[in-house]
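Novice: Once you've had a glance at the structure underneath, I'll fire off some questions.
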Amino acid sequence: MSKDTVFSGVQPTGDIHLGNYLGAIKQFLNFQDDADSIFCIVDQHAITVFQDPEELKQNVYSVLSIFLACGLDPKKCILFNQSAVREHSVLSWYLSCTARVGWLNRMTQFKDKAGKNRDNASLGLYAYPVLMAADILLYHADKVPVGDDQKQHLELTRDIAHKFNTDYKKTFFKLPEPIINKAAPRIMSLRDANNKMSKSDISKYSRILLTDSNDEISAKINKAKSDSLAMPTSSDQLANRPEINNLITIYSSISNVEKDKIITLFANKEISSFKNELKEVVINLIEPISKEIKKIMNDKKYLQETLKHGSLKARERANKTILELNSAMGFNFD
Ligand code: AQP
């Protein structure tokens, strides 16, 4: 049986946090041994909001260092940056002519990110989901490990693939399946459990970074918003206690201990005693990763070679897809 192809991307737009790790990167690690895995640093998505060029470049190295420090192995999977493979942009245009404006108008991420000043948002921010569809379909991905926030974009990708296949009367594209970590579909902000943990939140206490020191992690967990009650005694109580639910989710998805078991373990205890245990769990995860990030980040040559090697492999596959499409769409004159 042929292996599944797995594709996913991470934006180099700032520091990678626990939400990105638990929602996406942790899942990538599960795939690299058994699937044909492709993980991309999506630097062209990043410029939908203006990026300082030098900072963007450093952020690409930083995300790559994080991938490697978390355990992604360039011998087992393809690691590259999107702008090195121009076929992403080519397919994005082809698919822009398939995607319907009405479909894009429904995308909640654009509404959230553009806010009230929609006329001033870049066209790229609006078209972002089409570029994302191109990233995925270019490699004929079967599975796309992502956080819950990307589910709508995956549905759009499937709609675009289906319409393209129908319009050109051939099954060029598979309909990719989102793979969402059930234990951590969406990690919420430590300051406001109604919003997801995000790179762009103005409060640095809202997120735990993979580069945080032990002291920073402790301070952020101490400050994490909670309520004044004791720890819950049953999972029914979590619905009305979103902050505690979020902290238990983080504990559970890092330790692989079921939430119900954690609730039994800490039932009626003070929140501060739970937070102390949580600090230990988070520090045990992040301390070795952050040490490794520092080491790898200093080895520019290794980072450059890894990107070069990954881009070559990705380009070869992407080019094959574009040649096939060109021939089907009337763009070949040989
Ligand atoms: N809070 C989250 N919980 C679970 N998964 C998450 N992801 C992001 N936030 C959470 C997943 O991480 C992957 C990479 O995300 P991205 O960098 O491509 O884009 P993003 O969603 O825009 O990330 P941020 O951190 O939330 O940045 P801003 O502040 O720019 O919005 C994706 O699979 C995503 O689902």
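The values are calculated or read from the model by the stated rules, or taken from the named source; none is laboratory data. Worth saying up front: this structure is predicted, and the values here are computed from it rather than measured. Cβ coordinates were reconstructed from backbone atoms using ideal geometry, including for glycine residues, and neighbour counts include every protein chain displayed. When the accessible area is computed, the model is the full protein with side chains, heavy atoms only, and any ligands, DNA or RNA have been set aside. Shrake-Rupley method; radii C 1.70, N 1.55, O 1.52, S 1.80 Å.
Novice: Which pairs do you get when a residue that is in contact (Cβ under 8 Å) with a residue 12 or more places away in the chain, found in segment 88-108, comes within reach of a residue that is exposed (fewer than 13 other Cβ atoms within 10 Å of the Cβ), reach meaning Cβ atoms under 7 angstrom, with the pair 6+ apart or on two chains?
Specialist: From segment 88-108, the pairs are Thr98/Asp167.
Novice: Right, next: Is it the case that Asp212 is away from the ligand (no atom under 16 Å from the Cβ) and either open to solvent by less than 40 Å² (accessible area, probe 1.4 Å) or in contact (Cβ under 8 Å) with a residue 12 or more places away in the chain (or both)? Walk me through it before giving the result.
Specialist: Numbers: away from the ligand (no atom under 16 Å from the Cβ): no; either open to solvent by less than 40 Å² (accessible area, probe 1.4 Å) or in contact (Cβ under 8 Å) with a residue 12 or more places away in the chain (or both): yes.
For Asp212, the condition - away from the ligand (no atom under 16 Å from the Cβ) and either open to solvent by less than 40 Å² (accessible area, probe 1.4 Å) or in contact (Cβ under 8 Å) with a residue 12 or more places away in the chain (or both) - is not met.
Novice: Where residues in segment 122-147 are open to solvent by 30 Å² or more (accessible area, probe 1.4 Å) and not basic (Lys, Arg), which of them is farthest from Lys196 (Cα to Cα)?
Specialist: Per the criteria, the residue is His140.
Novice: Please verify whether segment 145-166 includes one or more residues that are near the ligand (Cβ under 10 Å from one of its atoms), in contact with a Ser or Thr (Cβ under 7 Å, 6 or more places away or on another chain) and in the same structural domain as Cys97 (by TED's automatic domain parsing).
Specialist: Yes, that holds for at least one residue.
Novice: Quick check on my filter: what residues within segment 247-270 are open to solvent by less than 20 Å² (accessible area, probe 1.4 Å) and more than 23 Å from the chain's Cα centre (by Cα)? Before you say what the answer is, go through the steps one by one.
Specialist: Taking segment 247-270 as the starting set, the residues that turn out to be open to solvent by less than 20 Å² (accessible area, probe 1.4 Å) are 247-250, 252-253, 262-263, 266.
Result: Ile262, Ile263, Phe266.
Novice: Taking the stated definitions as given, is Thr98 touching a Lys or Arg at 6+ places or on another chain (Cβ under 6 Å), open to solvent by 30 Å² or more (accessible area, probe 1.4 Å) and not aromatic (Phe, Trp, Tyr)? Working first, answer last.
Specialist: Details: touching a Lys or Arg at 6+ places or on another chain (Cβ under 6 Å): yes; open to solvent by 30 Å² or more (accessible area, probe 1.4 Å): no; not aromatic (Phe, Trp, Tyr): yes.
No, not satisfied.
Novice: Within the set of pairs 6 or more residues apart or between chains, which connect a residue that is assigned by TED's automatic domain parsing to the domain that holds Ile271 and in contact (Cβ under 8 Å) with a residue 60 or more places away in the chain inside segment 228-250 to a residue that is surrounded by fewer than 19 Cβ atoms within 10 Å (Cβ to Cβ) and of a type in the set (Gly, Ala, Ser) with Cβ atoms less than 8 Å apart?
Specialist: Final answer for the pair search is Thr249/Ala183.
Novice: Which of the residues that make up segment 230-246 are of a type in the set (A, V, I, L, M, F, W, C) and either touching a helix residue (DSSP H, G or I) at 6+ places or on another chain (Cβ under 6 Å) or open to solvent by 20 Å² or more (accessible area, probe 1.4 Å) (or both)? Spell out how you get there, then give the answer.
Specialist: First, pick out the residues of segment 230-246 that are of a type in the set (A, V, I, L, M, F, W, C): 230-231, 238-239, 244.
Residues satisfying the conditions are Ala230, Met231, Leu238, Ala239.
Novice: Follow-up. Among the residues of segment 82-94, are any surrounded by 16 or more Cβ atoms within 10 Å (Cβ to Cβ), closer than 23 Å to Ile289 by Cβ and not β-branched (Val, Ile, Thr)? Can you show your working first?
Specialist: So the first thing to find is which residues in segment 82-94 are surrounded by 16 or more Cβ atoms within 10 Å (Cβ to Cβ), and the list is 82-85, 87-88, 90-92, 94.
Within this subset, residues satisfying the condition of being closer than 23 Å to Ile289 by Cβ are none.
No: zero hits.
Novice: While we're here: Identify all residues within segment 301-318 that are under 16 Å from Ser65 (Cβ atoms) and not charged (D, E, K, R); write none if there are none.
Specialist: Filtering segment 301-318 for residues under 16 Å from Ser65 (Cβ atoms) gives 301-310.
Scanning segment 301-318 gives Tyr302, Leu303, Gln304, Thr306, Leu307, His309, Gly310.
Novice: Another question, if that's okay. Among what's in segment 195-209 and is within 12 Å of the ligand (Cβ to nearest atom) and open to solvent by 40 Å² or more (accessible area, probe 1.4 Å), pick the residue that is farthest from the chain's Cα centre (by Cα).
Specialist: Ile202
Novice: Right, here's the next one. Quick check, is Phe80 among the aromatic types (Phe, Trp, Tyr), at pLDDT 95 or above and within 26 Å of Arg158 (Cβ to Cβ)? Don't jump to the end; show me each part of the working.
Specialist: On the way: among the aromatic types (Phe, Trp, Tyr): yes; at pLDDT 95 or above: yes; within 26 Å of Arg158 (Cβ to Cβ): yes.
So Phe80 fits the description; yes.
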